[in-house]
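Worksheet: the structure to be examined is printed underneath.
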Amino acid sequence: MIEDFGTLPTGETVHRLRLTGGGLTAHLMTYGAVLQDLRLEGHKAPLVLGFPNFAPYLTHSPYFGAIAGRCANRIRDGHLELDGQTYHLDRNFIGKHSLHGGAVSMGKQLWKVVDHGSDHATFEITLPDGHMGYPGNLTAKAHFALLEGGVLDIQMEAETDAPTLCNMAHHSYFKLDDRETISDHLLKVSADHYLPVDDELIPTGEEIPVDGTPFDYSTLSPVSQVSPVDHNFCLSRQRTGIRPVAWLVSSESNVTMECRTTEPGLQVYDGAKINIDLPGLDGRPMGAHAGLAMEPQIWPDANHNETFPQAVLKPGETYHQHTQFAFSKD
């Protein structure tokens, strides 16, 4: 089902799609390919943060449910050198660094629906050469499907006509119960190392073992054992076949989410800076720690760290990410 859901300042209509399947119901918007709502059969509360109507997404949303890109996460000083050329990217984070592809990234633009059915939908967008400072015309697709076993399946692909960066990430904030924060949720991440960051949240270039640090989520541990957390956990050194990498559990609701991905990194953000004076879905308050973002992606600021997995995409290549979020209730 497709319905009108809002209007952009340009007068363009934003549509919302309703998908059902595998015990899940999802609502997706053509704006930002945003996952606006997600529900699990037998569990009343929404599984993600979002707004009940469209207008607040233009003014209050910290990328709720959006596709971040063309390059997710932060790039120091908005600086990119590629094939001997220097590019100055949009510096939309503290006026100094580039974040999630710039101020008018693919997560803040209108996508077109190129395929949809009762349990799946595919969105497409083309970013022109020079958009937010990046080289290359980039055409990207995001395919969503609801599969048996409570699985939200997300596949993203992209192609370019010039060397560029491509590192897309689904940016939902998850909450698995009715409590105001996710501080008591339990988290497990299959990562031996994480990337420390400086005071401006830029990776220092080090890779630190999680063992013996507050960032050790190798077994189920309270999310709040360290805060704030807005760090990349190092899953591997390259893209792999899809595999389970993280688990989020609420003992209050007995809902579990398993994250599976092909990506080498998982950015975990505990929502410490959420401070929204508007109600969310079902009237929920949205203050600090209201949801947990778990964003599979390539490691941040990789272009400044040659030992990190790299996000360069060249003509003739196809970027492909496969991520699943699987929900169950005991």
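Rule-based calculations on the coordinates, nothing more; no lab input. Bear in mind the structure is a predicted one, so any value in this text is a computation, not a measurement. Virtual Cβ from ideal backbone geometry, glycine too; neighbours counted across all protein chains shown.
As a test of the formula, what do you get for the chain when each DSSP H run with n ≥ 4 contributes -39,500 (n - 2.57) and the sum is divided by the residue count, at 222 nm and rounded to the nearest 500 deg cm²/dmol? Let's see the in-between values first.
Details: 1 runs with 4 residues, N = 330.
Calculated from helices alone, the mean residue ellipticity at 222 nm is 0 deg cm²/dmol.
Distance between the C-alpha centers of region 1-74 and region 205-224? Whole Å please.
31
Once Rh is set to the Kirkwood radius over Cα pairs, what Stokes-Einstein translational diffusion coefficient, in µm²/s, holds for the chain at a temperature of 25 °C and a viscosity of 0.890 mPa s? Please report the intermediate quantities before stating the final value.
Values: Rh = 19.7 Å.
Result for D is 124 µm²/s.
Would you please give the FRET efficiency between Thr7 and Lys273, computed as 1/(1 + (r/R0)^6) with r the Cβ-Cβ distance and R0 = 35 Å, to the nearest 0.05? Could the numbers behind the result be given before it?
Working: r = 29 Å, r/R0 = 0.82.
My answer for the efficiency is 0.75.
Would you calculate the separation in nanometres between label points at Ser236 and Ser118, each defined as 7 Å from the Cα along the Cα-to-beta-carbon direction?
The answer from the label model is 3.5 nm.
On a full-extension model of 0.36 nm per residue, what is the gain between Gln310 and Asp129, subtracting their alpha-carbon distance, rounded to one decimal in nm?
Details: separation 181, 0.36 × 181 = 65.16 nm, distance 2.04 nm.
Here the answer is 63.1 nm.
My understanding is that a pair violates if its Cα-Cα distance is over 30 Å; which of Lys44/Lys188; Lys96/Lys188; Lys188/Lys314; Lys112/Lys175; Lys112/Lys314; Lys44/Lys273 do that in this structure? Provide the component values of the computation, followed by the final result.
Values: Lys44/Lys188 24 Å; Lys96/Lys188 33 Å; Lys188/Lys314 35 Å; Lys112/Lys175 28 Å; Lys112/Lys314 24 Å; Lys44/Lys273 26 Å.
Exceeds cut-off: Lys96/Lys188; Lys188/Lys314.
About its Cα centre, what dipole magnitude does region 126-216 give when the only charges are +1 on Lys and Arg Cβ and -1 on Asp and Glu Cβ, stated in debye to the nearest 20?
Working: 4 positive and 18 negative charges, 69 e Å.
Roughly 340 debye for region 126-216.
Could you give the semi-axes, largest first, of the ellipsoid that matches region 188-330, computed as the square roots of 5 times the alpha carbon gyration tensor eigenvalues and rounded to whole Å? Each step should come with its number before you reach the end.
On the way: eigenvalues 135, 69, 57 Å².
Over the Cα atoms of region 188-330, the ellipsoid semi-axes are 26, 19, 17 Å.
Kirkwood hydrodynamic radius of region 11-167 from all distinct Cα pairs, in Å?
Working: mean 1/r = 0.0607 Å⁻¹.
Evaluated on region 11-167, it is 16.5 Å.
Setting aside same-chain residues fewer than 8 positions from Lys329, which aspartates and glutamates have a Cα under 19 Å from its Cα?
Asp37, Glu41, Glu148, Asp153, Asp177, Asp178, Asp184, Glu252, Glu258
Could you go through region 28-40 in sequence order and give the Karplus-derived ³J(HN,Hα) for each residue, using 6.51 cos²θ - 1.76 cosθ + 1.60 with θ = phi - 60°, rounded to whole Hz, and x for Gly and Pro?
So the J values, rounded to whole Hz, are 10, 10, 6, 6, x, 6, 6, 7, 7, 7, 8, 10, 10.
In nm, what is the difference between 0.36 nm times the number of residues separating Thr204 and Asp184 and their Cα-Cα distance?
Numbers: separation 20, 0.36 × 20 = 7.20 nm, distance 2.92 nm.
Extra length from Thr204 to Asp184 when fully extended: 4.3 nm.
How charged is the neighbourhood of Ser251? Take every other residue with its Cβ under 9 Å from the Cβ of Ser251, and add Lys/Arg as +1 and Asp/Glu as -1. Don't skip to the answer; put the middle values down first.
Numbers: positive: none; negative: Asp177, Asp184, Glu252.
Overall, the nearby charge balance is -3.
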